[in-house]
Amino acid sequence: MTDGELRPIGVVRSERATAIDDGWDGVAARIELDPAELGAEATLGLNDFSHLEVVYLFHLVEPGDVCRGARHPRSRADWPLTGILAQRAKDRPNRIGVTVCRLVRADDYTLEVAGLDAVDGTPVLDVKPYQSGFGPRGTVVEPRWSRELMRGYWTAR
């Protein structure tokens with residue numbers, strides 16, 4: 001492997017085959033880890049954590065559809081024109097997604113999770129235990145449109 005080269009360590013198996021903007025919290029999924037990339041002991045101790053941070057590739061976004069400037073979130077003209085780095089859209093330059101989800105159970109090569117906003121077949125680049133010490137420090141500030149966008153993201157509106 002060369003510097004900057006990434007290889008998936010697993011794949012998402014989910015009931016969702018297409019990216020739908022809302023209602024992700026009720027989606028059950030599993031991450032099937034690749035034994036060619038990890039040993040069976042790689043998940044040892046993971047069941048001691050309630051949540052995981054999953055790094056994955058938005059593989060359904062065509063490279064030509066990537067936004068490198070600004071756009072209206074969800075193409076809504078009533079929300080401000082916003083730079084791609086100021087939103088969490090899937091059509092970002094390297095098509096990398098990051099989500100904190102609940103860990104239901106970890107086995108040698110299978111992680112059962114809930115609330116992972118990744119579709120079936122999504123390549124998983126990394127998995128980390130969520131640790132509160134790495135969470136935000138200080139007051140979290142975000143614009144109104146961002147709170148509106150997230151209103152139904154995890155649960156159906």
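The values are calculated or read from the model by the stated rules, or taken from the named source; none is laboratory data. Here the structure is a predicted model, which means the values were calculated and not measured. Cβ atoms come from the backbone with ideal geometry, glycine included; neighbour counts cover every protein chain shown.
Observations
- Qualifying residue in region 31-51 (condition: exposed (fewer than 14 other Cβ atoms within 10 Å of the Cβ), of a type in the set (Ser, Thr, Tyr) and touching a strand residue (DSSP E or B) at 6+ places or on another chain (Cβ under 9 Å)): yes
- The set of residues in region 92-108 that are farther than 23 Å from Pro35 by Cα, not basic (Lys, Arg) and not in a strand (DSSP E or B) comprises Pro93, Asn94.
- Positions within region 73-85 being surrounded by fewer than 14 Cβ atoms within 10 Å (Cβ to Cβ), modelled with pLDDT of 95 or more and outside any loop (DSSP other than H, G, I, E, B), in sequence order: Gly83, Leu85
- Inter-residue pairs, beta-carbon under 6 Å, first in a loop (DSSP other than H, G, I, E, B) and in region 129-157, second among the small types (Gly, Ala, Ser), 6+ apart: Ala156/Gly23
- Residue satisfying condition, being closer than 20 Å to Ser14 by Cα, at pLDDT 95 or above and not in a helix (DSSP H, G or I), within set Leu125, Leu38: Leu125
- When restricted to residues that are under 21 Å from Gly4 (Cβ atoms) and among the aliphatic types (A, V, I, L, M), region 82-112 contains 4.
- Any chance Arg68 is at pLDDT below 95 and either more than 30 Å from Gly39 (Cβ to Cβ) or not in a loop (DSSP other than H, G, I, E, B) (or both): no
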